[in-house]
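Visitor: I am attaching a structure below and will ask some questions about it afterwards.
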Amino acid sequence: MNARLSPVATRAPGDAANDEDPSKRLAELLLELARCVDPTVAADIPSRLEADPRLDAMRDMLFEREQVVLARLQRKVDDPQEFADAIGAVLPEAFSVAVRDERLGHSIAPAMERATQASIQKNPRTMVDILYPVMGPAIRKAIAETLEGTFQSLNLAFKHSLSWRGLKWRIEAWRTGSTFADTVLKHTAEYRVEHLFLIHRKTGLLIAHVARDDATTRDPQLVSAMLSAIQDFVRDSFDESGAGGTASRSVDSLRLGDLLLWCEEGPSAFLAAVIHGSPPPVVRTRLGEALGQIHDQWHLPLEEFNGDTAPFEEVESRLRPCLLSQSADAHRKVSPFMWLIPLALLAVAGWWVGERLIERSRVNAYVAALQDQPGIVVTGFERRDGKWLVSGLRDPLAVLPETLLPNKLDPSHVTGRWEPYQALHPAMVLKRLQATLDPPETIGMAQEAGSIRVTGSASQRWLDKARAYLLSMPAGAPKVDLSAVKDVQDPDYVRLRDAIQAQLIHFDFSVPRPAAGQEAKIDELAGQMRDLVQVARDHGFPVKVTIVGHADATGKDMSNLALSVGRAEVVRSMMRARGVDPTVLFVRGAGPLEPLSPGASEDELSMNRRVSFGVSTGD
């Protein structure tokens, strides 16, 4: 038999034999070969193979070519590079065929949109470079037309702003919601659209022509040919496409004297308008709208135009409404009474200006009066929100600015913004001294040549207060002279002061409490202190009683100092127990440093063991 037995051919994918021992598999194949060669072996030994290898061999022989092709396709699909090459080879042809089928566009549109968004987010400059050739000329053209219209509107607005017609046009602009310049241009622009030519861009042939009945007749075909030639000449002579510009640049306006030529470009055709005068921008807008409607309705005929104008018979009906015109209004005789309105307006304006000037002069007089006042510094004044704002610095003791307003100046029209400060002007220092020191009636204060002179008589307490305040005044303050003030003390205060200071309380040796037999003296002393405190309160000045403890020179100085302080504290406690205000009592220990008698005898040492008293006024 001629059957081919191949170990590979007899294996099926996923067969359990693939996992057996190769030696066992080879033995089975040899046994099957013997059964094929010798029929006796086939009768005695059954086959151990699940499938007939001859069928597998026949299958390999019949489908060998197809298996090779399938293997090659499998490798191409499995290899990304080969698969991409295969897809790239047929993709252009697939797109060219799919143009006629909208399903491909709908399928790839979401992917293209996402890819475009990602590209713009990654590098916006790419989209700018793509749009610039289209948007750049359009933007420049729009800006130029807007500037031209703006200048024309401004010229007309200035010309008619103060006339009676200008007043009516202002009311019309307010009523219609448009600007005054546009309203003036609408009524005063003199123009007339005489011819309209619709010309095919690629061929330069005339598609349609409309003209006014009274317009000068020209050969439309000749005019369209000349316009196409001019457009081609401009494109060829000033083409900037090689330098990064756009190749679609064309003439959009030409002027020869009073004759104006406007060209509106479209995808397949352009509309040329021959105009007399200076039309407003709304005319160009009207032409652009008409050209857009024509492209929308005759899109396919314009693309396939070959000279046959039969499909465009209705275009003239679309173009004829664009033959716009506007003539100047006839000048009518103005009634003399019409001059009353501008005269009244002029009178109102003059009255308003006069009121402002008068108010300004009054404000200047008010500011001058403020600047003359000590303690007020004006840093500026201006008109803000219908009111005059005066700002500066003001001493709290200076006069109120409102009191200096002129009688004919409305206080509600003037506001002030004042920052507080302390003025060093002699007049302000004089006021501050009078407000702070509260001088008695016997004291006189006067300003003399940049200084302040104080005269009269006052108590020592007031003089001490005045001197302490003068020491706290800032540098550069005017000089205050107190040399002419006489010191006059209250007789009750002097009597009680001298009586208290003359009292002495004696002590035994090394004892902190007073010696026996001095209770009457202590009671008398307490009564004098209470009277002193009352006199000080009646006259409004503070008083201070200092209790000074003393010791003799016997023993150590530190012990004597401590003993003297203890003696003074004991006396203060006794005074407090007898009703003396404790806030006026102060204690000081002198030890043996202030002896009444420097001797060393017992009598002299006994005199030094004492407590003395001192009286003073002030804080």
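Visitor: So, by mean Cβ neighbours within 10 angstrom, what's the order for 408-420, 533-545 with the highest one leading?
Guide: Listed from highest to lowest mean packing, they are 533-545, 408-420.
Visitor: At 1.4 Å probe radius, can you tell me the per residue accessible area of the range 375-447 in Å²?
Guide: Accessible surface, normalised per residue, equals 58 Å².
Visitor: Let me ask something additional. For Leu73 and Ile120, what does the FRET efficiency come to when R0 = 35 Å and r is the distance between their Cβ atoms, rounded to the nearest 0.05?
Guide: 0.35
Visitor: Compute the separation of the alpha-carbon centres of the range 509-533 and the range 261-281 and state it in Å as a whole number.
Guide: Here the answer is 124 Å between Cα centres.
Visitor: Sticking with this one: Taking the mean number of other Cβ atoms within 10 Å as a proxy for protection, how do you rank 436-444, 63-71, 386-394 from highest to lowest?
Guide: 386-394, 436-444, 63-71
Visitor: Something else: With θ set to phi - 60° and the Karplus curve 6.51 cos²θ - 1.76 cosθ + 1.60, what are the ³J(HN,Hα) couplings of the range 59-64 in order, to the nearest whole Hz, using x for Gly and Pro?
Guide: Each residue's phi maps through the Karplus curve to give 5, 5, 5, 6, 10, 5 Hz.
Visitor: Follow-up. Residue separation times 0.36 nm, minus the C-alpha to C-alpha distance between Ser601 and Arg495: what's the value?
Guide: So the extension gain works out to 34.8 nm.
Visitor: While we're on this one: With a 1.4 Å probe and all protein chains kept in place, how do Tyr191, Tyr469 rank by accessible area, largest first?
Guide: Result of the area sort, largest leading: Tyr469, Tyr191.
Visitor: Got a sec to turn the phi values of the range 608-615 into Karplus ³J(HN,Hα) couplings, 6.51 cos²θ - 1.76 cosθ + 1.60 with θ = phi - 60°, whole Hz, x for Gly and Pro?
Guide: 7, 8, 8, 10, 10, 10, x, 10
Visitor: Less than 20 Å from a label point 7 Å out along the Cα-to-Cβ axis of Ala215: which backbone N atoms in the range 262-285 qualify, by residue?
Guide: 262-266, 269-285
Visitor: If you add up the charges near Lys76, with Lys and Arg at +1 and Asp and Glu at -1, over every other residue whose beta carbon is less than 11 angstrom from its beta carbon, what do you get?
Guide: -2
Visitor: How do 550-563, 491-504 rank on mean C-beta neighbours within 10 Å, highest first?
Guide: 550-563, 491-504
Visitor: Starting from the Cα of Gln434, step 7 Å along the direction of its Cβ; do the same at Asp531; then give the gap between the two resulting points in nm.
Guide: In this crude label model, Gln434 to Asp531 measures out at 3.9 nm.
Visitor: Determine, from the Cβ-Cβ distance of Ser391 and His539 and an R0 of 51 Å, the FRET efficiency 1/(1 + (r/R0)^6), rounded to the nearest 0.05.
Guide: 0.65
Visitor: Report the gain in length on full extension from Glu519 to Ala94: 0.36 nm times residue separation, minus Cα-Cα distance, nm rounded to one decimal.
Guide: Between Glu519 and Ala94, full extension yields an extra 139.6 nm.
Visitor: May I ask you to compute the full-extension gain from Phe586 to Ser361, defined as 0.36 nm times their residue separation minus their alpha-carbon distance, rounded to one decimal in nm?
Guide: 74.3 nm
Visitor: Same structure, new question: At what distance in nm do the modelled label points of Asp372 and Ile108 sit from each other, each positioned 7 Å from its Cα along Cα→Cβ?
Guide: Going from the Asp372 label point to the Ile108 one covers 9.3 nm.
Visitor: Heads up, I need the accessible area for Ser457: 1.4 angstrom probe, whole protein in place, Å², nearest 10.
Guide: 30 Å²
Visitor: Could you do me a favour and compute the accessible area per residue for the range 489-619, 1.4 Å probe, result in Å²?
Guide: 51 Å²
The values are calculated or read from the model by the stated rules, or taken from the named source; none is laboratory data. Just so you know, these numbers come straight off a predicted model, no measurement behind them. With ideal geometry, Cβ positions are generated from the backbone for all residues, glycine too; neighbour counts draw on all protein chains shown. We work out accessible area using only protein heavy atoms, side chains counted, and drop any ligands, DNA or RNA first. Shrake-Rupley method; radii C 1.70, N 1.55, O 1.52, S 1.80 Å.
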